[in-house]
1. Among the numbered criteria (1) within 15 Å of residue 79 (Cα to Cα); (2) of a type in the set (Asp, Glu); (3) out of contact with any Phe, Trp or Tyr (no Cβ under 6 Å at 6 or more places or on another chain), which one does residue 144 miss?
2. For residue 163, all conditions in the list (1) within 23 Å of residue 56 (Cα to Cα); (2) in a loop (DSSP other than H, G, I, E, B); (3) open to solvent by 90 Å² or more (accessible area, probe 1.4 Å); (4) at pLDDT 95 or above hold save one; what is the number of the exception?
3. I'm told residue 72 meets every condition in (1) surrounded by fewer than 19 Cβ atoms within 10 Å (Cβ to Cβ); (2) under 20 Å from the mean Cα position of the chain (by Cα) except one. Can you identify the failing condition by its number?
4. Filter the range 140-156 down to the residues that are open to solvent by 20 Å² or more (accessible area, probe 1.4 Å) and at negative phi and list them by number.
5. Taking the range 6-28 as the region of interest, how many residues are assigned to a helix (DSSP H, G or I) and in contact (Cβ under 8 Å) with a residue 24 or more places away in the chain?
6. Working only within the range 92-122, note down all residues that are open to solvent by less than 80 Å² (accessible area, probe 1.4 Å) and in contact with a helix residue (DSSP H, G or I) (Cβ under 7 Å, 6 or more places away or on another chain).
7. I need the full set of residues from the range 29-57 which are of a type outside the set (A, V, I, L, M), open to solvent by 40 Å² or more (accessible area, probe 1.4 Å) and within 16 Å of the chain's Cα centre (by Cα), in order please.
8. Kindly evaluate residue 25 against the criterion of being among the small types (Gly, Ala, Ser), surrounded by fewer than 18 Cβ atoms within 10 Å (Cβ to Cβ) and touching a His at 6+ places or on another chain (Cβ under 6 Å).
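The values are calculated or read from the model by the stated rules, or taken from the named source; none is laboratory data. No experiment lies behind these values; they were computed from the predicted model shown. Here the Cβ is made from the backbone with ideal geometry for all residues, glycine too, and neighbour counts use every protein chain on show. To get the accessible areas, we keep the full protein, side chains included, count just its heavy atoms, and leave off ligands, DNA and RNA. Shrake-Rupley method; radii C 1.70, N 1.55, O 1.52, S 1.80 Å.
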Amino acid sequence: MSTSFIELSKERYSTKKYKDSEVVSSEHIAELKEILRMTPSSINSQPWKFTFVSNSEIKSQLAKVSFFNEQKINEASHLVVFSVVDDLDVFEAQIQKHLPAGAVGYYQQFLKPKDQKEIKSWLEHQLYISLGFFLSACATMGIDSTPMEGIQSEAYASILKQDGYKPLFAVSIGYGHPEDPNHPTKRPKSRIPMDEVVVEI
């Protein structure tokens, strides 16, 4: 019998220590790639690039420019880097190629007139939708994960040789070590009471 989503949401946690000998299967990686590709976004804009890093040397280089996340990245099976398009010419060429006229028209009329900072903020918001999708997918597949904004974006872009895209955050994935002090059995989850965060009208 499958576990309900609400139970999965209670069980998932940000993993701090991984079993460095256990690797996520290629079949699961292929599923996660397709799940990310299918992530929804406003006007189907898809302003992103997802980089799956399993190469230990590259992973180690990225770990060194990830502030306090170095150990967990090195231990994890994979590091997935979430990058947002940072060159508006690249983005506009992409939507012209892939989106219907109505979606392109919406961008031209309502978004393009805004200043670049505001447009790029909108693009970044789309990338965060994919993060929620990805973390949920990992939980349903029994894969542990650690989302991390603590990365040096420019260094990541240099290591990954990304042009026109800005690494915004990363997620390490793998299988949690039984001695992980952040596991809910050792450190119970803390959430604000329901009546303080959910309003019914």
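1. Looking at each condition in turn, residue 144 falls short on (3).
2. Among (1) within 23 Å of residue 56 (Cα to Cα); (2) in a loop (DSSP other than H, G, I, E, B); (3) open to solvent by 90 Å² or more (accessible area, probe 1.4 Å); (4) at pLDDT 95 or above, the lone unmet condition for residue 163 is (4).
3. (1)
4. Going residue by residue through the range 140-156, those that are open to solvent by 20 Å² or more (accessible area, probe 1.4 Å) are 140-142, 144, 147, 149-150, 152-155.
Hits for the range 140-156 are 140, 141, 144, 147, 149, 150, 152, 153, 154, 155.
5. Initial filter on the range 6-28 (assigned to a helix (DSSP H, G or I)): 6-11, 26-28.
Checking the rest, the ones that are also in contact (Cβ under 8 Å) with a residue 24 or more places away in the chain come to 8-11, 28.
Summing the residues that are assigned to a helix (DSSP H, G or I) and in contact (Cβ under 8 Å) with a residue 24 or more places away in the chain in the range 6-28 gives 5.
6. 95, 99, 103, 104, 107, 111, 119, 122
7. 31, 33, 34, 37, 40, 46, 49, 50, 52, 54
8. Values: among the small types (Gly, Ala, Ser): yes; surrounded by fewer than 18 Cβ atoms within 10 Å (Cβ to Cβ): yes; touching a His at 6+ places or on another chain (Cβ under 6 Å): no.
Spelling it out, it is not the case that residue 25 is among the small types (Gly, Ala, Ser), surrounded by fewer than 18 Cβ atoms within 10 Å (Cβ to Cβ) and touching a His at 6+ places or on another chain (Cβ under 6 Å).
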